[in-house]
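Below is one structure; the comments refer to it alone.
The values are calculated or read from the model by the stated rules, or taken from the named source; none is laboratory data. Owing to the predicted nature of the structure, the values given are computational and were not obtained by experimental measurement. All Cβ positions, even for glycine, are placed from backbone atoms using ideal geometry, and neighbour counts span all protein chains on display. To get the accessible areas, we keep the full protein, side chains included, count just its heavy atoms, and leave off ligands, DNA and RNA. Shrake-Rupley method; radii C 1.70, N 1.55, O 1.52, S 1.80 Å.
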Amino acid sequence: MSLEKIRKYEFGNPYDTGAVVCDVRKQVGIPEGFKYDMNTETFTYTLGEKDMVFGLGETVRGINKRGWIYVSNNADDPVHDENKTSLYASQNFLIVDDGSSAFGIFVDNPGSVTFDIGYTDMNVMSIHPENNDTSFYVINGDSPLEIVASFRELVGKSYVPPIWAFGYGQSRWGYKTADDIRTVAKRYKELGIPLDMIYMDIDYMQDFKDFTVNPERFPDFENFVKEMKEEGIHLVPIIDAGVKIEDGYDIYEEGKAKGYFCKKEDGSNLVAAVWPGKVHFPDFLNDDARAWFGEKYKILTDAGIEGFWNDMNEPAIFYTEDHLKEVFAQVKEFENKELDIWGFFDFKDVVSSIANNPEDYRRFYHDFNGRKVRHDKVHNLYGFYMTRSASEAFDKICPDKKILMFSRASYTGMHRYGGVWTGDNTSRWSHLLMNIQMMPALSMNGFVFSGADIGGFGGNTTEDLVMRWIAFGIFTPLFRNHSALGTREQELYQFERTDDFKNLIELRYALVPYIYSEFMKAVDNNGMYMKPLYFEYRNDDRCREVEDQLLVGDSIMIAPVYEQNRTGRNVYLPEEMKLVRFRSYDDYDTEVLEKGDHYVKAALNEVLVFVRPGKELPLAKPARQVEKIDTKDLKIIKF
Ligand code: GLC
C-alpha cells in the first residue's frame with residue numbers, strides 16, 4: 001500500500017482541515033532530512049546541486065520551483081507578475097528530486113505558509129508556517145509519479161465534472177441581458193464553431209445579490225435556460241462569497257437570523273464590501289451555515305442550471321467598514337499636514353492598501369468544529385469550504401447528476417469537490433507560458449479539472465495571442481475563453497480568421513474521447529493528466545530543463561507556441577516520436593522525428609502533437625456539442 005510510504009509529524013495543535021482522507025500513523029520528532037529551528041519555527045532542508053522541486057499548484061514561475069519564494073496565502077491579486085509570491089490558491093504539496101532519489105512533502109496548515117525554495121539561500125529550502133499548528137507529511141517513493149499517487153491517495157479522489165464540461169465555453173464579464181447571451185450563441189452557431197457553455201458573470205444578478213436573477217434583463221429565466229439548452233448550450237452562472245446586506249433580501253435575513261455570518265471579536269457580523277456594496281461573509285467553516293448556503297444553489301438548479309463557478313472566495317475584500325473608518329481618520333490627519341516625500345508615500349500606502357488588507361483578515365472569526373478561530377489562521381480554507389458547501393448540497397439536490405463546479409480560491413482537499421480556474425490573468429504572452437507551466441503542478445495536486453482564462457482576462461488581447469492560447473487550451477480540461485469588462489472583446493467571432501478558430505475548436509472536440517479518458521485515468525489512478533517531461537524521462541538529463549513542453553495523458557507530448565510572431569519553435573524529443581501537425585482534425589501531416597533537438601515549423605493555425613512510440617491517438621468526428629460526438633467511430637493515428 002502506498003500509504004505505508006507516508007510519515008506524519010504534528011506540531012502545535014493542528015486543525016482538521018479536511019484535506020486528508022486517510023489515517024496515517026504519527027511519528028515523533030522532526031521530518032527526516034529536515035532541521036527545525038524552534039525560535040523561528042522554520043523547517044529547513046539543504047538542497048543538493050541536482051535537486052529540483054516540483055509542485056505547489058497554482059503559483060508563478062516555472063515548472064521547477066527552485067529559485068523563488070512562494071507564500072500560500074490565498075490572494076485576490078490580478079497582477080500575476082513573476083515577482084508575486086501568492087495567487088488565489090494554496091496547494092502545499094511538492095516533490096524534491098535529484099534524479100536518483102525523491103520525496104514529497106505536504107504541509108497541512110490552513111494559514112499562511114512560506115516556502116522559500118532557494119530564494120534566500122540558493123541551496124536551502126525552508127518552510128515557515130505563520131502559525132505552527134501543522135501536520136507535516138513526508139511521502140517517500142521510487143519516482144515522482146509514485147509519490148504523486150501516494151499523496152493523492154492521502155487526499156482523496158479528484159472531482160469529475162459532467163462530460164459536456166469538456167467542451168468549449170465562452171465567458172465575459174459584461175453580458176448584461178439574455179439577448180447578449182443569445183447573440184453569443186447565435187454568432188458561434190452561424191460560424192459553426194462548437195460551443196457547450198456560456199458563462200454568466202455577475203451581470204445576471206439583481207444588484208449583485210447571490211441566487212437572484214435580474215427580472216428585467218433576464219425575464220422568464222427558466223425558459224431562457226431551457227431555450228439555451230435546446231441550442232445545446234449550458235448556462236453557467238457565477239456565485240460570489242459575499243452576501244449583500246439589504247433589508248428584505250431573504251438570504252441576508254436568514255443568515256443574520258440564524259447567526260451564519262462571520263463575526264468580529266465582539267460578536268457582531270463583520271461588514272465588508274465587495275461587488276454588491278456592503279456584505280456579510282457566510283461562515284462556510286461552520287457545518288450548519290455551510291449546509292444552509294449550499295441549499296441556496298437549488299434556486300438556480302430548479303431553474304435548470306447545471307454548472308457554477310464560485311468567485312471572490314479568498315475572500316476578496318474591497319474594504320471593511322471598520323478599516324475604512326480608520327483610513328478616513330488617517331486621511332484627515334494627512335490633510336492638515338505638509339506632505340514631504342515620505343509623508344506622501346505613507347499617505348499613498350494608507351489609501352492604496354484598502355483592498356484585501358491583511359489586518360482585515362484578523363478582524364473576523366469562524367465557528368470551526370466548535371472552536372472560535374480567527375480567520376487568518378484558517379484563511380486558505382474559505383474558498384474550499386464554499387465549494388464544499390455547494391458540492392455537498394448537490395449530492396442532496398440532484399444525487400444522480402454531475403454538476404459543473406469550479407472555484408477561484410482553493411486549498412488541498414477542495415479538489416474532491418470541484419475544479420479551479422487560475423483567476424484574473426492578463427492578455428500577455430508570458431501568461432500563456434505561465435498557464436502551460438502551472439498545469440502539471442495543478443494536476444499533481446489533484447486539481448485535475450483546471451484551466452486558465454484563455455486569451456487573458458485583463459488587458460486587451462490580440463488575435464494571434466488568442467489563437468495560440470486556444471491551441472494550448474485545446475488540451476486543458478477546463479477550456480474557457482474569459483475576459484474582463486472594458487477590455488477588447490475576444491469571442492472568437494470578433495476576429496478575422498474565424499475558419500482557423502473553427503478548425504482549432506473542432507480539433508478539441510475530435511480529441512475529447514482521448515482527453516476524457518486520460519482525464520479519468522488520472523482521476524482513477526491518482527495520476528497526472530498533464531506531466532512535465534522529466535516525470536516520464538527521469539534518466540534523460542535534458543528533460544530536467546524542459547519547461548515548455550508537456551505530456552498530456554499517456555500517448556502524446558505537446559509543444560505549444562507561446563511567443564509573439566513565431567512561425568515555429570525548438571522542441572526536444574526524449575525519444576523518437578511521430579509529429580502530427582494539425583491544421584484541423586482532418587487536415588494534418590505526420591513525420592517521424594528522431595530523439596534530440598529539432599526546430600519545428602508551426603504556423604499560427606497549426607497545433608503540434610507528438611505521438612509517443614507504441615502509442616496511438618484517437619480522433620472523433622467533431623460535433624457542435626460534446627454530447628453529440630460519436631465516440632464509436634474513431635480514427636486512430638498510430639505511431
Ligand atoms: C473576478 C473574477 C472574474 C470575474 C469578475 C467579475 O475578478 O475573477 O473572473 O469576471 O470578478 O465577476
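Which residue pairs have Cβ atoms under 7 Å apart, sit 6 or more places apart or on different chains, and have a first residue in the stretch 448-465 that is open to solvent by 10 Å² or more (accessible area, probe 1.4 Å) and at pLDDT 95 or above and a second that is within 13 Å of the ligand (Cβ to nearest atom) and not in a loop (DSSP other than H, G, I, E, B)?
As it stands, the answer is PHE457/THR426; GLY458/THR426; GLY459/THR426, since those pairs meet every condition given.
I'd like the full set of residues that are in contact (Cβ under 8 Å) with a residue 24 or more places away in the chain and in a loop (DSSP other than H, G, I, E, B), limited to the stretch 345-398.
ILE354, ALA355, ASN356, ASN357, ARG363, PHE364, ASN369, CYS398
Quick check on my filter: what residues within the stretch 164-220 are out of contact with any helix residue (DSSP H, G or I) (no Cβ under 9 Å at 6 or more places or on another chain), over 16 Å from PHE479 (Cβ atoms) and of a type outside the set (S, T, N, Q)?
If the condition is that a residue be out of contact with any helix residue (DSSP H, G or I) (no Cβ under 9 Å at 6 or more places or on another chain), over 16 Å from PHE479 (Cβ atoms) and of a type outside the set (S, T, N, Q), then ASP179, LYS186, LYS189, ASP201, ILE202, MET205, ASP207, GLU216 are the ones that fit.
Only one of THR17, THR44 is away from the ligand (no atom under 16 Å from the Cβ), open to solvent by 30 Å² or more (accessible area, probe 1.4 Å) and either at pLDDT below 95 or within 17 Å of PHE136 (Cα to Cα) (or both). Can you tell me which? Steps first, please.
On the way: THR17 fails: open to solvent by 30 Å² or more (accessible area, probe 1.4 Å).
So the residue among THR17, THR44 that is away from the ligand (no atom under 16 Å from the Cβ), open to solvent by 30 Å² or more (accessible area, probe 1.4 Å) and either at pLDDT below 95 or within 17 Å of PHE136 (Cα to Cα) (or both) is THR44.
Run down LYS337, LYS372 and say which single residue is within 26 Å of GLU130 (Cα to Cα), exposed (fewer than 12 other Cβ atoms within 10 Å of the Cβ) and away from the ligand (no atom under 16 Å from the Cβ).
LYS372
Hey, among PHE475, PHE479, PHE457, which residue is more than 28 Å from THR17 (Cα to Cα) and away from the ligand (no atom under 16 Å from the Cβ)?
PHE475
Any chance the stretch 218-232 includes a residue that's in a loop (DSSP other than H, G, I, E, B), closer than 23 Å to GLY277 by Cα and in contact with a Pro (Cβ under 7 Å, 6 or more places away or on another chain)?
No; the residues of the stretch 218-232 include none that is in a loop (DSSP other than H, G, I, E, B), closer than 23 Å to GLY277 by Cα and in contact with a Pro (Cβ under 7 Å, 6 or more places away or on another chain).
Against the conditions (1) in contact with a strand residue (DSSP E or B) (Cβ under 6 Å, 6 or more places away or on another chain); (2) in contact (Cβ under 8 Å) with a residue 24 or more places away in the chain, where does ASP589 fall short? Just the number, please.
(2)
In the list ILE198, ILE193, ILE181, which residue meets the criterion of being open to solvent by less than 10 Å² (accessible area, probe 1.4 Å), over 24 Å from the mean Cα position of the chain (by Cα), within 16 Å of the ligand (Cβ to nearest atom) and more than 30 Å from ALA289 (Cβ to Cβ)?
Residue meeting the stated conditions: ILE181.
Scan (1) more than 29 Å from PHE318 (Cα to Cα); (2) open to solvent by less than 40 Å² (accessible area, probe 1.4 Å); (3) without any contact (Cβ under 8 Å) to a residue 24 or more places away in the chain for the single condition SER86 breaks and write down its number.
(1)
Taking the stated definitions as given, is VAL225 open to solvent by 10 Å² or more (accessible area, probe 1.4 Å), touching a residue at least 24 places away in the same chain (Cβ under 8 Å) and β-branched (Val, Ile, Thr)?
So VAL225 fails the test.
Any idea which of (1) within 16 Å of the ligand (Cβ to nearest atom); (2) of a type in the set (Phe, Trp, Tyr); (3) open to solvent by less than 50 Å² (accessible area, probe 1.4 Å) is the one TYR260 doesn't satisfy?
Checking TYR260 against (1) within 16 Å of the ligand (Cβ to nearest atom); (2) of a type in the set (Phe, Trp, Tyr); (3) open to solvent by less than 50 Å² (accessible area, probe 1.4 Å), the one that fails is (1).
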